[in-house]
Amino acid sequence: MILLCRPDELAEGQSRGFLIDDLNLLLVRKHGRVHAYENSCPHRGIPLEWLPDRFLDNSGSLIQCSSHGALFLIESGECVAGPCSGDTLQPLECREDSEGIWLLGRPET
């Protein structure tokens, strides 16, 4: 397990990016639950954020690719608008406890 941050460092409706070795990932907290994904657009394989820790659209309800505006559901990573519609972000397994938000494993390559 790898500690990513303390629970209070990811507020409700916020996103954060992390680089762990060569793994670029993002966290989003929605309705009290933390969602973790690889920070890579399925369309172009590029990072999603437009500024550090800025992964969400203006409404804060969807993850948005800064390159071409594709929109992804926070809960599932599914692309619902844009050139990669129907594709999904690669989910990562994480866990939250009173001490932190933990990355549990790395995706299969």
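Quick note: the coordinates plus some simple rules give every number you see, no bench work behind them. Note that the coordinates shown come from a computational prediction; the quantities given were computed from them, not determined experimentally. Here the Cβ positions follow ideal geometry from the backbone for every residue, glycine too, while neighbour counts run over all protein chains shown.
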For Cα extents along the principal axes in Å, pick the label among (1) 39, 32, 22; (2) 50, 31, 25; (3) 82, 21, 14 that corresponds to the value derived from the coordinates.
(1)
Just report the Cα centroid separation between the stretch 1-77 and the stretch 80-97, whole Å.
9 Å
Measure off 7 Å from each Cα along the Cα-to-Cβ vector at V80 and S66, then give the distance between these two points in nanometres to one decimal.
2.3 nm
For N58 and D87, what is the calculated FRET efficiency with R₀ set at 25 Å and r taken between the beta-carbons, to the nearest 0.05?
0.65
Rough spin-label spacing in nm, given labels placed 7 Å along Cα→Cβ, for L23 and C5:
1.7 nm
